[in-house]
Each structure stands twice: as C-alpha cells, then as structure tokens.
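Computed from the coordinates by the stated procedures, all read-outs in this text should not be read as laboratory data. Everything numeric in this text was worked out from a predicted model, so none of it was measured. Here the Cβ positions follow ideal geometry from the backbone for every residue, glycine too, while neighbour counts run over all protein chains shown.
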Amino acid sequence: MEFTAKLIADFLGGSVDGDPNVKVHTVAKIEEGFPGSLAFLANPKYIPYIYTTKASIVLVNNDFVPDQPVEATLVRVNNAYEAFASLLNLYAQSKQPKSGIEEPSFIHKSAQIGKDPYIGAFSYISEGAVLGNNVKVYPQVYIGPKVKVGDNTILYPGVVIYEECVIGSNCIIHSGAIIGADGFGFASSEETNYKKIPQIGNVIIEDYVEIGANATVDRATMGSTILRKGVKIDDHVHIAHNVEVGENTVMAAQTGVAGSTKIGKNCMFGGQVGVSPHVKIADGVKAGAQAGISGDIRKPGVIVLGSPANEIGKQRRSMAVYKNLPELMNKIHELEQVVEELRSKLNK
Amino acid sequence: MEFTAKLIADFLGGSVDGDPNVKVHTVAKIEEGFPGSLAFLANPKYIPYIYTTKASIVLVNNDFVPDQPVEATLVRVNNAYEAFASLLNLYAQSKQPKSGIEEPSFIHKSAQIGKDPYIGAFSYISEGAVLGNNVKVYPQVYIGPKVKVGDNTILYPGVVIYEECVIGSNCIIHSGAIIGADGFGFASSEETNYKKIPQIGNVIIEDYVEIGANATVDRATMGSTILRKGVKIDDHVHIAHNVEVGENTVMAAQTGVAGSTKIGKNCMFGGQVGVSPHVKIADGVKAGAQAGISGDIRKPGVIVLGSPANEIGKQRRSMAVYKNLPELMNKIHELEQVVEELRSKLNK
Amino acid sequence: MEFTAKLIADFLGGSVDGDPNVKVHTVAKIEEGFPGSLAFLANPKYIPYIYTTKASIVLVNNDFVPDQPVEATLVRVNNAYEAFASLLNLYAQSKQPKSGIEEPSFIHKSAQIGKDPYIGAFSYISEGAVLGNNVKVYPQVYIGPKVKVGDNTILYPGVVIYEECVIGSNCIIHSGAIIGADGFGFASSEETNYKKIPQIGNVIIEDYVEIGANATVDRATMGSTILRKGVKIDDHVHIAHNVEVGENTVMAAQTGVAGSTKIGKNCMFGGQVGVSPHVKIADGVKAGAQAGISGDIRKPGVIVLGSPANEIGKQRRSMAVYKNLPELMNKIHELEQVVEELRSKLNK
C-alpha cells in the first residue's frame, strides 16, 4: 500500500509543503530515511537531518522554519510526534491479532472468561479469576485466584499476577512483570530472626496503565497498592507495598518507590530514581535520572535532581561548584597564606 | 468471625485500655480504620491518626501515652508491630493451602518429591532433583537437575532454579526470581573477544530465607554463592557470583552486590545500594538507600550513606555543606576582595 | 579422572615449577584449596594465599615471583586466568548436553527448527520462527512470531523473545531476560492521557552475545535496537529502544541505557551505571559503578566516575575535597574571623 503526501496530510488534518503527490509505503527515522519512507521531526537535536534525509515525506510541527533548502515533502501538523504516533497506530493495527484458546492451557472451571479472548498455551488461570472481553493472555502467563482483568487488556508472555489483584481495562503488562508479590515487611523480633508480616492486601491497577518488562508492583500489607489511571512504568521499575501512584505519572526504567509512599498526578521520573518510604510527592513533580528523594515534596511542579534530591536550580549550582572543588580548596590555601603574611606584617 | 478486645489481648499477652467487649472482624491501616476493624500503631509518624481513627481496636506499645482522648479501645502489648504480625499470620493461615500435582507438569522419573507436595501445572522438575516435604511449587516453575529444596519451602510462579543449587527449608522465593544463573565472568583474551569463564559452582540458600520478585542470585564460578539463614532480599536485588551474605541480613529492592563480596550478619541495606566486588563488610552494618560501598567496612554496626559511602555523621556534614556550596564560594570571593583591599592598604 | 601437573602444563603450553607428577582431580579457589585440587592466582589481592593454600597445583602468570616458599606445584602460563578458564571449559563440556524435543511443547507448524535441537517442555515457538542448528531452548521459553535464532545459541528457562527479533549464533541468554518488549515511548497529547507510540522496530543481537538473568532489551520504535558481536550484559541490565551497543562492550549488573543512545566498542561499565537518552559514547570508555552519564563522551578510552559522571582524575579530586567539606567550611570561618580582626586593627 502506498499513500500520497496529500492523503496523509488530509488524514492528519495538516498541510503539504512540497509535492502533494509523492508516495510512501513505510516509515523510517529521519537520519535513516530513504525514498518511499515517511519520517518525522520533533526533537530539535535532529533538525540537521532534515536537510540531508532521503525520506520522501517528513512530518514537522507547524512552526518549523527551515533555514536551508529541504528536498523532502513536508507535511505540517500541530504536533509531529503525536501525528507520527497516529500513523504508527494505523500500521500496528493492521496486524492480525491473536485469538482463541490454545492447548494445553489451565483454566479453572470457576474462572470466568469474557468474549473474544486469547489464551496462549501454558497459561494458568486460577479459581475465581474474572477476565473481561477481548483480553489477551499470552503464553506462560499466571493469573492467581480471584484476580480481575478488565476489557482489552494485554498480558504478555510470562506475566504473573498474584491472588486477588485487580487490573483495569486497556492495560498493557509486559513480559516478566510481577504484580502482587508480597511487600517486603518483616518485624524484628526478640529472637534473632525476622518475623514475616503477612501481606494480606492487594494491587489495584486502573485503566490505561502500561507496565514494563520485569517490573514489580508489590501487594499491600493491608489495603491496596494503587497505580491510578494512565500511569506508565518502564522496565525494572519497582513499586513497593502500599504505594499510590497518581494519574498519568510516568517513571523511566529501574526507578524504585519504597513502601507507603504517595506520588501525585502527572509526575515524571527519570531512570534509576529512588524514593524513600512514607514520603508524599505533589502533582507534576519531575525528578532527574538517579535522583534520591528522601523527604516530602509539597510544591506541585517542582523539578529535583541529585541524591539527596534538591530543587534543580540549587542542585545545579552546587554541582557546578562541586566540579571545581579542588580549585576552591587551592584558593582557600592561597588566602590563608596571604592572610598570614598580612598578619605578620601587621603585627611586626 | 468476630473477636473481642479481651480475647485479642489474652491471645497476645497484652492488656485492654477501653471497652474489653468491643468486637472486630477484620484489619485495617490506622489511617483507614473503620468500625469493626483492628489497627496498630508502631511508627511515631502515625501517632496523629490514633486520635481520629475509626478503627474499633488499636494495638499500641506498652509505653504509648496519648496526649488527647482516644476513642478506640487500645490493646497494649510489648511490640505492637510484632503483635499485629501475629494476628495477620493467623488470618493468612486460615486460607486453604494448595496441594496435589496438577497436569500437565513435567517431573523427571529420577526426581524425588516429599510428602504433601503442591506441583502446579507447567512446572518442570529435572532429573535428580530432590524436594522435601510440604514443598509448594507453583505453576511454571523450573527446577534444574540435582537441585535440592528443603521442607515447607514455597516457589511462586515462574521461579527458575538452575542446576545443582540448594534451597533450604521454610524459604519463600517470589515470582521471577532466578537462582543460579551464570556469574558474570569473562577473561579478556588476546583476540578481541572475551572468553567465557564457565561457572561450575552453585548457590546455597539456607533456611528461612525470603527472596523477592525478579531478584537474581548468580552461581559461583567455583564453590558457592551463599545466603545464610534468615536472609531477606527484596525485589530486583542482585547477588553476584561467590558472594556470601551473613545471617539475618536484609536488603531492600534493587540493591546489587558484586562478585566475591562477603557481607556480615544482621546488616540492613536500603534500596538501590551498590557494593563493589571483593569487599568485606562487618556484622550489623547499615547502608542508606543508594549508598555505593567501594571498600571494606571493618567496624561492626557502622552506618554509611552516600556514593562513595561514608560514615553517616561525616557524610551528613559533607551533605549539609554541599547544599550551601554556592554560598561558600561567594564567601570565598568576598574574602578574596577584602583581603585584597587589606593588602593594598597595608602596602600603600 | 586425575591429571598430573606435567600433563596440564603441556595442555596449556606452560611450564612446571615443582613436582611434575603431583595429581589433581578437581578445581578450587586458592583460598579454599585442598590436596588434589587445582587453583589459580591472577588477582594480586590473592597473592598471600599462595603461601598457605593446600591446593596441589596453582596456575600462575609467567612473571610471578614468590617472595616466600610455596608448597604447591606451580604451573606457569602466559595468562593464569585465561588458562584456568580453558580448563573449566573442558570440565563444563564433559557434561552431557540436553537434546530432543520434550512434550508438551508448542511448535507452530510454520516454524523451522534446525538440526540437533533441544526444545524443553512448555516452550512456545510461534509462527514463522526460524531456529538454527544445535539451538537449545530450555523449558518455558517464549519465541515470538518470525523470530530468528542463530546456531548454537542457548535460551535458558523463561526467556521471552518478542516478535521479529533476531538473535545471532553462539549467544547465551539467561533466564528471565526479555528481548523485544516495547520501548517506553509515549506522546503527551492534548488530552491528559499519554498516547502510546507503537513500537514497530525490533532487536538485533549479533553473535557471541551473553545476556544476564532478568535483563531487558527493548525493541526499537522504528529500526532496530542493536547489541553488536561479543557484547556481554549482566543481570538486570536495561537497554532501551533504539540503543546501539558496540562490539565487545561489557556492562555489569543493573546498568541502564536510555533510548537512542549509541555506545562504542570495548567499553566497560560497572554496576548500576545510568546513561541518558540520545547520548554518544566513544570506544573503550570505562564508567565506574553508579556513574550517571548525561552527555556525550567523545574521547576514546576515557574513564569516568560519579553522578553526574566526570573524568576520573577530576572526579577523584572533587571527591577527596567533598569528604573534607566541613573542615573546609571551618577554615573559611576562621579566615573570616582573622580577616575581620586584621581589618579592625588596620582601621583603628
């Protein structure tokens, strides 16, 4: 299938800048574009490539002004990245989805499966589990007793969902993610050994949540660990027991949130961020990669960096001085000498 | 089932402060308590909730003295957290345990299975494996050749135990944990490629160990990687080849310990701690979250923070100055100016 | 089987220093050596053990000069560690390899399997997958549609390879590793929700790559995430979408590389290193454990430390001053006082 620039612009509600009849049949990155491919330009770092790309069509933001001649046909839209995503979605949806129940699989007789399921081979669906319509359970998935899974949710191979957890609709859980393992709770007892605190709560994952490969979301000691609507967590992210993550908060890979912490809506955490237990974080907070947040952040929209994390402006100033600490130390030594000279002169 | 405050106090060896006949039928967090629920108060951060909780009964430490009226009935015990854990245990044990051997599962004819097993569907038990009594192997577990698993141990769905590893009694291994994968050992050879060092040792996990979801404990190059009795490691923890972790040491999520390091007893590591290879750490050492330990810690009971890790008092003082580095730099600049003025005055 | 020092020296192209007829039947670490065992000495930290080891034979580098009497027979070779690895390889190869196709397994009729396969029970091989000769697929592995796996590659239990990924020859992928899960790509849209960017690229893993347990390598948004020939990544390592890792680069456990970053050949990263997105790193760069690399590193062979990472010499000097910041602050306070005294004297 081939599409003209005009057709794509019409579909995206954009305008054509160049030859409206040029055709593409696939997509490519702007730096790897070739004739017949469509690329996009959103990150300013990639602007130089628009003057050299061999892509036939490039999606750009309406406000993009080239300062050299561009060979590709441009399709101008409000948001080039989002428009490109729409096209990729069309492309992805053109693939034939899996369906049916493969054998051997284990479906307890008390489990309820909605309409149009896919249940892959070697999957295990426990007693009392309830799956909505159009749920896709890939091979080797484990769904524990009384688990609920909402409509259109996809569980990729090897996902494990422990007993009584609740997964919303339109969620995507990637391979190796473990939902509902015991929280890390031990009471130090008078004997040398620790005593396990049974974790009798569960995990609630609301709608439109995406969970990365090998991520873990632990069940609550009591009550629920909660990921609100639209939360996205990347690979290897760890959410401890009794944590609550607010709507549309996004966490990059290998971030960890310790027990009972409450994170607001629309937060964005970089990779390898750590958050201490029993902390409260306001809405819209951003944390740079490897930040270590050990106390409450009460001001919405704050950006923090570093470990221990500090407000970005302050942290950057400290970081700048840190790089020059040896010079600073030398300055102090020089000052000491000068002052000593002055003193001896003055005391003579 | 309902229980009176008096009955609970008697069971726990505590005393009632309030109405001994008030009844509860479930448990709740103190901040979410409701009539008919039992809560507990251990962390001082939660004291304010005891004056507002709707829980009918609250377990408190003997030495707790309210400074406002409390509506709930208090049950006073030596250790409220531990007492609460005992009650949760009772609750958890009331659930019907899994048992029997589900089909299809793969049990090699040379494998030995003890009394009262649970072997879930799609589990794989290799040649020469030996399982003790009352072992619970959830679905989709892999147990390699000649692996030994002690009595009462629980392996949750998707656990993998490589060849010849030894798991003790009364252990809990959560989903996705991988025990005995190859240590990361390569010899740089004269060709450009690295040469793999075969990892011919194993992993030994002693009794009463709990291992979190998606944790990894690598097999030794030679000899054994060892987790001693009572060790608890959280989700995503990585224990490299030939490490030894002493009795009752506890590590929070995403901590990593590099090869051949030896960690003492009763240590406590926060989340995302890293420990360098070939390091020795004394008993009772505590490391704050994200600490990076790159050398031996010989003094038992030391508390360290930061990366590189330093003794807590020193580190805190450095951290405090770090936050004010820009002010410090300004001070030095001012000093330089003043000194320069003094010098020119003096030399006039 | 027993081997004499002479036979071992001949096999390794080395020379005997001691009794050429002493025999060994197994291997041991030098500090745990016992009569009948062979050990090696490569790391200078372990030199003291050569004077106390009970091992019968110790492999040492040609240039090792003992400064005390040594009881063990020494076999001198060019590279003791590599020579020892060769012996371990011989030992490891003496084990009987798995072969055949176990039941139940799921092999789509359109999948192509090469000669001498091992396909473990509960493994799933999707439509259009192509496996080379002598591939070992352990139990509970998932191989997605149109995946290619080269000759002699080993996939340990529970490995997941998503659709259309390409794995080279002679690779080893450890349990729980997830290859080809979706990259973490979302477009912020005008509604509050994020919009998923479909990830339509794949992962290409070249020959002789080893991937640790529970590692993740995400598929590209478009194009390919690439691990070049000979790359070794340890447990829990995360490689994001569209990353390229150059030949023979080695990364220790829990390291994470963010999207679209390009890493050169022969780099060595310690554990828990983080690399920002869209960064370029030259060949031969070394990063210490927990380093945070947030910008390009253009100079080949540079060594960096710290977060944010800096060149090792500079970082060490800053680290040294950091430890003494409180003393530095005190010095400044003293200076201020002295200067103040001088000033008042001078102004009198």
**Message:** Defining the label point at 7 Å along Cα→Cβ, can you sort the distances from B:Q337 to the same site in each other copy, shortest first, in nm?
**Reply:** 2.4, 2.4
**Request:** Under 12 Å Cα to Cα from C:K262, which aspartates and glutamates show up? Leave out anything in the same chain fewer than 8 places away.
**Result:** C:E244, C:E247, C:D283, C:D296
**Asked** For segment A:62-184, with only Lys/Arg (+1) and Asp/Glu (-1) charged at the beta-carbon, what is the dipole magnitude about the Cα centre, in debye rounded to 20?
**Response** 380
**Item:** Across the identical copies, how the A:G18 labels are spaced - nm, sorted shortest first, 7 Å along Cα→Cβ
**Value:** 7.3, 7.3
**Request:** Arrange C:T261, B:T4, A:T225 by Cβ neighbour counts within 10 Å, fewest through most, would you?
**Result:** B:T4, C:T261, A:T225
**Approximate spin-label separation A:D19-C:D296, in nm, with each point projected 7 Å along Cα-to-Cβ** = 3.3
**Fill in**
Plugging the Cβ-Cβ distance of A:N133 and B:H108 into 1/(1 + (r/R0)^6) at R0 = 41 Å yields, to the nearest 0.05, a FRET efficiency of 0.50
**Asked** How big is chain B by the Kirkwood estimate over distinct Cα pairs, in Å?
**Response** 23.9
**Asked** Restricting to the protein assembly as shown, what percent of DSSP beta bridges are antiparallel, rounded to 5?
**Response** 15
**segment C:215-263: relative contact order in percent, alpha carbon pairs under 8 Å with at least 6 residues between** = 37
**Prompt:** By count of other Cβ within 10 Å, fewest leading, how are A:T249, A:T52 ordered?
**Reply:** A:T52, A:T249
**Request:** Compute the projected area of the convex hull of the Cα atoms of segment B:175-305, averaged over all viewing directions, and report it in nm² to one decimal place.
**Result:** 7.7
**Asked** Which whole-number percent gives the relative contact order of chain C, counting Cα pairs below 8 Å spaced six or more residues apart?
**Response** 6
**Message:** As a footprinting exposure proxy, order B:H278, B:H241, C:H236 by other Cβ within 10 Å, with the fewest listed first.
**Reply:** B:H278, B:H241, C:H236
**Message:** Two decimals, Cα atoms only, Kirkwood Rh: what is Rg/Rh over the protein assembly as shown?
**Reply:** 0.99
**Asked** For segment A:117-157 and segment B:172-241, what is the separation of their C-alpha centers, rounded to whole Å?
**Response** 31
**Asked** Of the cross-linked pairs A:K196/B:K29; B:K148/C:K29; B:K148/B:K229; B:K98/B:K229, which ones have a Cα-Cα span greater than 19 Å in the structure shown?
**Response** B:K148/C:K29; B:K98/B:K229
**Message:** Take C:V65 and C:N193, extend 7 Å from each Cα along the Cα→Cβ direction, and tell me the distance between the two endpoints in nm.
**Reply:** 7.4
**Shortest-first distances to equivalent copies, position B:G100, nm, label 7 Å out along Cβ** = 2.9, 2.9
**Item:** Additional length obtainable on full extension of the chain from A:E32 to A:D283, 0.36 nm per residue less Cα span
**Value:** 86.5 nm
**In nm, spacing of pseudo-spin labels at B:E340 and B:T52 (7 Å Cα→C-beta vector)** = 5.7
**Label-reachable residues, segment B:114-141, where backbone N falls under 20 Å from a point 7 Å from B:Q96's Cα toward its Cβ** = B:116-121, B:134-139
**Request:** Return a whole-number percent for the relative contact order of segment C:38-195, with Cα pairs under 8 Å and 6 or more residues apart as the contact set.
**Result:** 11
